[in-house]
Amino acid sequence: MLGGRLQPLRLLGVDPSAPRWPMLVLNAGDLVIRPPQMDDFAAWAQLRADSRDFLERWEPVWPLDDLTRNAFRRRIRRYGAEIDNDEAYPFFIFQGPERRLVGGLTLGNIRRGAAQSGTIGYWMGVAHAGKGIMSRAVVAVSRLAFGPLRLERIEAACLPENAVSIHLLEKAGFQREGVARNFLAIAGNRRDHILFAMLATDR
């Protein structure tokens, strides 16, 4: 059930080769956006390693074992639990007929009750940045959030100097709401972030 607990198909006796959460497999042109799975490890580790210098300035400090298979296995387990518990919806983005992994995004920090909101974050491999891929992915996940997931508000935050991310969010329909001081630890330092949000009624 979306907007509550998703029922994993593998627990319902359905073909185990089928996507575990079929409602979370999104298509946007030549993009396929779906939850990560263990078979993605090699492509993910290579893309993150190749993009490390590009990504680290925008992200929290990476754990020492971040790119290992064991760490990725723990990540996949956590992702599955978050989806099943309606806490977060992580996605990998694949492009083209060869389904090349290009980046990822997460609709996380899901809050139900009076809030009905979540927070979106994303990353893109350096070789694929600046091509409009993430803009399309954010729009696709936003439609899921405001549709089947029944959220009323999606929030996002980025560093003030991240002009590319600011443009992406504004293009996708997010509106700037203010600045949060010392909002997150990025590259080992607490940093101010610009706050953005999009409402279901903004679409």
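The values are calculated or read from the model by the stated rules, or taken from the named source; none is laboratory data. Worth saying up front: this structure is predicted, and the values here are computed from it rather than measured. Cβ coordinates were reconstructed from backbone atoms using ideal geometry, including for glycine residues, and neighbour counts include every protein chain displayed.
Condition test on Glu87, is it surrounded by fewer than 21 Cβ atoms within 10 Å (Cβ to Cβ) and modelled with pLDDT of 95 or more? So Glu87 passes the test.
With the structure loaded, tell me whether Ala129 is farther than 21 Å from Ala197 by Cβ and not acidic (Asp, Glu) or whether it fails that test.
Considered against the rule, which asks whether it is farther than 21 Å from Ala197 by Cβ and not acidic (Asp, Glu), Ala129 comes out as yes.
Exactly one residue out of Val102, Val138, Val164 is part of a helix (DSSP H, G or I) and surrounded by 15 or more Cβ atoms within 10 Å (Cβ to Cβ), and it is Val138.
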